[in-house]
Amino acid sequence: MVCSYCESNPVQMRRRPLCKACYYELHKAGLLNEFPLIPADKTFKTTLTEKYGNEILVDFNNLLNQDNKSLADIADKYGFTRERARQLFEKIHKFHYTVIKKQRSANRLEKRQKDQQLRKNPCDKILRFKEGDNNQFKGALAEKRVFDICAALSYDIRPFTKGQQIDLIINGYHVDIKSSYTPTITSPRRTSKQFHFSISEYQRTNCDFIICYAVLINSFFIIPINEYPNADSLYIPEKPQSSWICNGMNKHRKSKWYDYLEAWHLLKTPAENEVIFNRLLSEKSVVI
């Protein structure tokens, strides 16, 4: 900022845009009032940017928009105390920093309440995660697909609120939902790819059904927990006929997991399942 009268010397007066020489010259001539006063905040910001650079104003503005920024960060960056940073903030923005702290506390409380509400509604659980390549989003997407299918079948669906090891309660059954996106070859002897699903000891003890969602083939396997192997992993082949190499020959075998493909009827109420079982048993006896 240069002198408004001589337009060459830098401004050195606090109240008017003049250098010292021009200020005293115009004061003697009685022409000083023709030059307007410099606004106090403009003088302060000019002095601040001359000392620390234009970036300091940007950093103080970021305190209004970014919750992860604090006065301590600015104080450490520019080499003054946090109290000095608070004083500069109030001079720049014309209000106390406690307003920002209260707003951030209110935002955190609102986010916590929103998360609790979303946790109660499994259909909207997917909104808690950003779309992308992460396990939380994929798991929420699989849960939403199962929720939509069971809702279309008029099943009673409730969230499991006692922990995160079990996803849903469907018609009174404790159900956990697993998803696998990419099949892989699990052994050098195998020639067909398989989907991998893992289960914890708690789920093996407390679940009634495990729903395995093979995303690539868009298939759901509703597997009762008593059929689940006593292991931490389950492998479902990409095709009903799994193949492997034995003694230099290709062998094929039908996977038993495809008996549970889209077996949504297993999730009906116990009374309905008993009726279905008795009907199938009578039909089988008639055929024999």
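Would you please put 77-86, 202-211, 177-186, 224-233 in order of how densely packed they are, using the mean number of other Cβ atoms within 10 angstrom per residue and starting with the highest?
Answer by packing, highest mean first, reads 202-211, 177-186, 77-86, 224-233.
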**Study point:** Accessible surface of GLU25 - all protein chains present, 1.4 Å probe, nearest 10 Å²
**Key:** 100
Review point. In whole percent, how big is the carbon plus sulfur part of the accessible area of the stretch 23-111, probe 1.4 Å, protein atoms only?
Key: 52
Review point. Along the Cα-to-C-beta direction of HIS96, a point sits 7 Å from the Cα; which residues of the stretch 69-85 have their amide N less than 11 Å from that point?
Key: none
**Study point:** Nearest-20 debye value, the stretch 1-63 charge dipole, Cβ charges on Lys, Arg, Asp, Glu
**Key:** 260
Study note, to complete from the structure: Per residue, the convex hull enclosing the Cα atoms of the stretch 1-83 spans a volume in Å³ of 113
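The values are calculated or read from the model by the stated rules, or taken from the named source; none is laboratory data. Note that the coordinates shown come from a computational prediction; the quantities given were computed from them, not determined experimentally. Glycine gets a Cβ as well: all are built from the backbone with ideal geometry, and neighbour counts include every protein chain shown. With ligands, DNA and RNA removed, areas are computed over all heavy atoms of the protein, side chains included. Shrake-Rupley method; radii C 1.70, N 1.55, O 1.52, S 1.80 Å.
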